[in-house]
Amino acid sequence: MRLNTFPGGIHSPTFKEFTATKPIKEFPFPSRVVLPLLQHTGAPLSPLVKKGDRVKRGQKIADVEAFISAPLHSPLAGKVAGIEDYFHPLLGRFPALTIENDGSGEEERKDPLCDIENKDPAFLREWIREGGMVGLGGAAFPTHVKVSPPPGKKIDTFILNGAECEPYLTCDYRVMIERSSAILIGLRVLVKACGAERVFIGIEENKIEAIEKFDKLVKDLPFPARVVPLLTKYPQGSEKQLIVAILGREVPPGGLPLDVGVVVNNVQTAWAVGRMAEEGLPLIERVITLSGECLKSPENLQVPLGTVLSDLVDFCGGWVETPKKVIMGGPMMGVAQTSLQVPVVKGTSGFVFLSNLYEKKEYPCIRCRRCIDACPMRLFPTMLGKFSEYQAFDEARDQRVLDCMECGACSYVCPSNISLTHLIRLAKAEVMRRSRKGGNQ
Amino acid sequence: MNEELKLVITSSPHLRDEITVPWIMRQVVLALLPATIWGIYFFGVSSTLLTILLSVGSTMGFEALNCKIFKKPLSITDGSAVITGLLLGLSLPPSAPFWLPLVGGGAAIFLGKEMFGGLGQNIFNPALVGRAVLLVSWPKAMSTWWVSAPFGFSGFSGGGAASTFSGVEMVTTPTPLSIAQMYGYSSLHQADPRILWRLFVGQVPGSIGEISALLLLIGFVYLWWRGVVHWDIPLSYFVGLSCVAILGGQSALFHILSGGAIMGACFMATDYVTSPISSKGRYIFGLGAGAITGVIRLLGAYPEGVTFGILTMNALVPFLDYLLPPRFGVKNQMVKEEKI
């Protein structure tokens with residue numbers, strides 16, 4: 001099999017064996033869900049309900065006027081118990097709606113979407129936004145923005161991202177195997193919405209079952225489509241690297257895939273869109289992976305948004321080892337959590353529970369170039385790290401620090417165990433702060 | 001599940017590769033072992049082992065001393081001092097006086113490394129700094145080659161003096177490079193038509209660890225296979241050296257195989273700390289170091305130019321580091337368009 005890939009990157013153990021063969025289980029409705037008012041990249045939402053209101057499953061409960069935003073829907077039928085600050089997996093604390101399950105199971109469903117190919121793209125984009133769709137790969141960028149080509153720009157290619165390169169995570173893989181027909185419907189909606197002429201489905205070659213499945217299914221699509229097997233390498237699922245691997249095009253600095261005529265969406269996003277087209281349910285549930293050596297029974301779960309992590313841990317049978325680190329997302333780009341009270345948000349691809357943390361002695365940089373070879377953005381992480389350490393932020397900016405997407409490959413390979421990604425993150429924040437101020441203060 | 005957990009909070013990534021600095025240093029030492037063992041066997045234990053041990057001992061000792069004086073944590077466990085000492089020892093002539101490796105080790109560690117701030121901070125390859133100090137201070141001691149009788153070159157001046165070390169009959173002999181410098185390469189080839197083969201396998205006297213091109217290359221291939229080194233610098237070094245040799249009307253292969261060229265290109269010019277991090281810079285670095293080596297060999301007062309060739313290019317590394325590859329996404333290359 002010929003495998004496409006991008007230059008750079010790392011080969012780390014995938015740790016996917018914990019959950020790769022475990023079918024998706026549907027998590028029962030919890031007694032309450034906590035829904036932060038910011039679950040996507042963009043503007044925070046304002047609640048459309050108030051404390052004490054009754055809401056139905058699928059009812060829109062928060063929205064905002066801004067273009068880069070996506071509304072929020074209730075994953076449960078029940079009562080709004082409060083709107084107050086609560087744990088947020090990325091932001092520390094953030095205002096959140098708490099909804100208590102009343103057991104009635106009342107639902108508000110949209111009409112199924114038929115005759116997709118004859119719909120107006122603008123209508124479909126609005127329909128996608130109303131469904132609260134965001135990228136479910138992790139970044140949670142609003143999907144309707146991704147499929148809206150700017151005036152004068154032509155989208156020629158749609159890429160469905162089934163790479164799932166983060167270690168431990170298998171939710172996309174399971175969705176590809178078990179929810180493939182809904183993915184194809186969502187794919188048709190997304191393709192029609194952005195106006196692409198052809199589709200590539202990028203899947204890493206360690207997910208052979210998914211590759212074979214989609215190889216057969218793509219023939220029935222109303223547009224040319226092909227599965228592209230990818231080399232198993234991190235960060236193959238990064239949007240820019242996926243476009244390089246499949247099309248050889250490079251997204252310009254600060255740009256979007258739209259700038260090179262491409263739209264990339266995650267397979268799970270396509271599933272969520274397809275599910276809304278079939279069943280009329282907006283984005284109120286997603287599939288996540290719970291994994292790591294600490295869990296008694298690691299699982300792939302379809303969970304309502306807002307489910308609190310401690311409930312999920314109970315479902316997985318608790319610990320076999322006490323975790324020392326809890327990560328939302330994969331271990332490469334995921335965020336370490338302070339509490340088991342965090343809720344599942346739209347961008348949650350999973351939780352990883354680790355007890356064997358790496359122990360690696362720190363040494364001075366020996367300029368071995370491993371970080372440079374690993375960097376998929378052709379940066380010199382060691383140089384940027386030193387600039388950051390010496391607070392030479394203008395030099396860091398001149399050496400393209402803002403091109404860094406914080407994939408973590410440099411820190412991973414560093415034999416001196418220098419936290420390059422962290423240093424670069426600090427430099428990026430400072431460079432952005434200075435550019436906002438418009439001066440070099 | 002509401003029990004309190006004590007959770008570690010760090011920023012991503014939360015995984016690390018297993019490769020560490022001491023692991024890398026061990027690989028380099030391993031890669032040098034075949035050439036080291038051959039050197040000891042070829043010249044005899046009595047005239048080599050002590051030199052190597054004193055060299056490694058002095059670099060480690062001086063580094064420990066430096067840590068003590070400047071109240072730094074003991075850094076010899078990172079393994080870099082061992083490599084410096086080994087490289088220095090292997091670049092000394094057999095039967096060198098005992099104080100030569102000691103002085104060289106001190107110069108390498110203090111002048112070459114610690115004065116710049118220790119591991120990772122030095123501009124010049126420490127082993128070569130040590131060697132350069134010895135070369136300019138004691139040129140005679142550094143270019144007198146005592147070898148056991150059958151391996152020497154007869155018929156050229158420089159050969160002839162005889163002595164006895166630990167009961168073994170020894171003679172001094174000129175190296176092929178000094179013969180080539182004094183009499184021309186053709187006379188050397190006439191004296192020994194199989195000179196290139198003997199240089200390749202390591203049957204021609206030279207510095208302790210530099211005689212067998214074959215074993216050094218095996219070591220280098222091992223390092224490359226282990227992902228420790230890249231072939232770009234050695235290759236461009238040989239290209240640079242060959243160009244100068246050919247321009248000077250001499251055999252390129254002879255210049256690559258003789259003296260410290262292989263050792264220099266594969267183990268000294270590729271030193272992480274003192275070679276450029278940028279890919280373009282590395283080619284320029286190698287070409288320059290090889291070319292300067294050739295120019296010194298052909299035109300300079302010294303028969304050998306590896307040391308000063310590499311040291312000169314070391315000085316340019318801070319500049320070469322800035323030759324970054326093209327920025328991602330700036331030239332929108334549409335190279336390998338996939339078809340459905």
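The values are calculated or read from the model by the stated rules, or taken from the named source; none is laboratory data. Computed from a predicted model, the values in this text were never measured in an experiment. Methodologically, a virtual Cβ is constructed for each residue, glycine included, from the backbone with ideal geometry; neighbour enumeration extends over all protein chains shown. Side chains are part of the model used for accessible areas, which takes the heavy atoms of the whole protein and leaves out ligands, DNA and RNA. Shrake-Rupley method; radii C 1.70, N 1.55, O 1.52, S 1.80 Å.
Rounding to the nearest 20 debye, state how big the charge dipole of the protein assembly as shown is about its Cα centre with +1 on each Lys and Arg Cβ and -1 on each Asp and Glu Cβ.
Here the protein assembly as shown has a charge dipole of around 1080 debye.
DSSP beta bridges in chain A, what fraction antiparallel, as a percent rounded to 5?
Of all bridge pairs located within chain A, approximately 60 percent are antiparallel.
Assign unit charges at the C-beta atoms only (+1 for Lys and Arg, -1 for Asp and Glu), then state the dipole size of region A:195-265 relative to its Cα centre in Debye, rounded to the nearest 20.
60 debye
Amide H neighbours of A:ALA62 under 5 Å, at least 5 residues apart or on other chains, H built in the peptide plane: list them.
A:LEU48, A:LEU72
Please give the direction-averaged projected area of the C-alpha convex hull for region A:212-266, in square nanometres with one decimal.
If I average the Cα hull's projected area over directions, I get 4.6 nm².
Rounded to two decimals, what is the ratio between the C-alpha radius of gyration of region A:370-437 and 2.2 N^0.38 Å?
Relative to the rule-of-thumb radius for its length, region A:370-437 sits at 1.00.
Could you let me know the centre-to-centre spacing of region A:2-30 and region B:241-293, using Cα atoms, in angstrom?
Taking the Cα centre of region B:241-293 as reference, the centre of region A:2-30 is 45 Å away.
Quick one: compute the contact order of chain A, relative version, from alpha carbon pairs under 8 angstrom and 6+ residues apart, as a percent.
19 percent
At a 1.4 Å probe, what is the % contribution of carbon and sulfur to the accessible area of the protein assembly as shown?
Ligands and nucleic acids excluded, carbon and sulfur reach 60 percent.
State the answer as a single residue: which of B:SER279, A:ILE211, B:LEU217 lies farthest towards the positive end of the charge dipole of the protein assembly as shown, with beta carbon charges of +1 for Lys and Arg and -1 for Asp and Glu, about the Cα centre.
Result: B:SER279, furthest along the dipole toward the positive end.
Just the number, please: percent antiparallel of the DSSP beta bridges in the protein assembly as shown, rounded to the nearest 5.
65 percent
Separation between the A:GLU117 and B:LEU74 pseudo-spin-labels, each 7 Å from Cα along Cα→Cβ, expressed in nm?
7.6 nm
Hey, how much of the P(r) for region B:21-141 falls beyond 22 Å, as a percent of Cα pairs?
The share of Cα pairs beyond 22 Å in region B:21-141 comes to 30 percent.
How big is the Kirkwood radius of the protein assembly as shown, worked out from every pair of different alpha carbons and given in Å to one decimal?
29.6 Å
Would you mind computing, in nm to one decimal, how far apart the modelled labels at A:SER355 and A:GLN391 are, each placed 7 Å from Cα along Cα→Cβ?
A separation of 4.3 nm, rounded to one decimal place.
Based on Cβ point charges of +1 for Lys and Arg and -1 for Asp and Glu, what charge dipole magnitude is obtained for chain A about its Cα centre, in debye rounded to the nearest 20?
860 debye
So if we plug the beta-carbon distance of A:SER104 and B:TRP225 into 1/(1 + (r/R0)^6) with R0 = 60 Å, what FRET efficiency do we get, rounded to 0.05?
Taking R0 as 60 Å, the efficiency between A:SER104 and B:TRP225 is 0.35.
For a quick check of your reading of the filter: which trypsin sites (Lys or Arg not before Pro) in region A:36-123 sit in a DSSP loop and have no more than 11 other Cβ atoms within 10 Å?
Answer in residue order: A:LYS50.
Per residue of A:368-378, count partner chain C-beta atoms within 10 Å of its C-beta, then hand back the mean as an integer.
Counting other chains' Cβ atoms within 10 Å and averaging over A:368-378 gives 4.
Where does the longest stretch of chain B lie that holds no trypsin sites (Lys or Arg not before Pro) found in a DSSP loop with 12 or fewer other Cβ atoms within 10 Å?
So the longest stretch without any such site is B:195-330.
Excluding A:VAL413 itself, calculate the net charge of residues whose Cβ lies under 13 Å from the Cβ of A:VAL413, where each Lys or Arg counts +1 and each Asp or Glu counts -1.
Its environment carries a net charge of +2.
HN-Hα J couplings of region A:226-243 from phi, Karplus 6.51/-1.76/1.60, θ = phi - 60°, integer Hz, Gly and Pro as x?
8, 7, 10, x, 10, 5, 6, 7, 8, x, 5, x, 5, 3, 5, 6, 5, 5
Apply the Karplus parameterisation 6.51 cos²θ - 1.76 cosθ + 1.60, with θ equal to phi minus 60°, to every residue of region A:63-72 and state each ³J(HN,Hα) to the nearest whole Hz, in sequence, with x for glycine and proline.
Going residue by residue, I get 7, 7, 5, 4, 5, 8, 6, 9, x, 10 Hz, with x marking Gly and Pro.
Using only atoms on other chains, find how many Cβ atoms lie within 10 Å of each Cβ of peptide A:7-20 and report the average.
Other-chain Cβ atoms within 10 Å of each residue's Cβ, averaged: 1.
Only helical DSSP H runs with n ≥ 4 go in: add -39500 (n - 2.57) per run for chain B, normalise by residue count and round the 222 nm mean residue ellipticity to 500 deg cm²/dmol.
That calculation yields -15500 deg cm²/dmol at 222 nm.
So which chymotrypsin sites (Phe, Trp or Tyr not before Pro) in region B:75-134 are both in a DSSP loop and have at most 16 other Cβ atoms within 10 Å of their Cβ?
Passing both the DSSP loop test and the Cβ count: B:PHE98.
Let me see the pair-distance distribution of region A:161-282: every alpha carbon pair, 5 Å bin width, integer percents in order.
2, 12, 22, 25, 21, 13, 5, 1
What distance in nm separates the two pseudo spin-label positions at A:LYS25 and B:GLN203, each 7 Å out from Cα along the beta-carbon direction?
My value for the distance between the label points is 7.3 nm.
Specify which residue in the list B:LEU30, B:PRO94, A:GLN302 is farthest towards the positive end of the charge dipole of the protein assembly as shown, using unit charges on the beta carbon of Lys, Arg (+1) and Asp, Glu (-1), about the Cα centre.
B:PRO94
Search the structure for amide H atoms under 5 Å from the amide H of A:LEU97, placed 1.01 Å from N in the peptide plane, and list their residues when 5 or more places away or on another chain.
A:LEU35, A:LEU37
Name the residue from A:ALA409, A:CYS368, A:ASN356 whose Cα lies farthest towards the positive end of the charge dipole of chain A, charges +1 on Cβ of Lys and Arg and -1 on Cβ of Asp and Glu.
A:CYS368
Spelling out what I want: for every residue of region A:308-322, take phi, set θ = phi - 60°, compute 6.51 cos²θ - 1.76 cosθ + 1.60 (Karplus), and round to whole Hz; glycine and proline get x.
Once θ is set to phi - 60°, the couplings for region A:308-322 become 7, 4, 4, 5, 5, 4, 4, 4, 7, x, x, 9, 9, 9, 6 Hz.
Give, as a single signed number, the net charge of other residues whose beta carbon lies under 9 Å from the beta carbon of A:GLU100, with Lys and Arg counted +1 and Asp and Glu -1.
Value of the local net charge: +1.
Pick out which of B:GLU63, B:GLU18, B:GLU304 has the largest mean-square fluctuation in a Gaussian network model of chain B, springs linking Cα atoms closer than 10 Å.
Comparing B:GLU63, B:GLU18, B:GLU304 in a Gaussian network model of chain B, the most mobile one is B:GLU18.
Going by a ≥ b ≥ c, the root eigenvalues of the Cα gyration tensor, does chain B fall in the rounded group (a/c under 1.5), the prolate group (a/b larger than b/c) or the oblate group?
Oblate shape, in that a/c is at least 1.5 and b/c is the bigger or equal ratio.
Which of rounded, prolate or oblate describes chain A when judged by the alpha-carbon gyration tensor and an a/c cut-off of 1.5?
Verdict is rounded for chain A.
Please list, ordered by chain and number, the residues whose modelled amide H lies under 5 Å from the amide H of A:GLY135; skip anything fewer than 5 residues away on the same chain.
A:ALA140, A:PHE141, A:THR143
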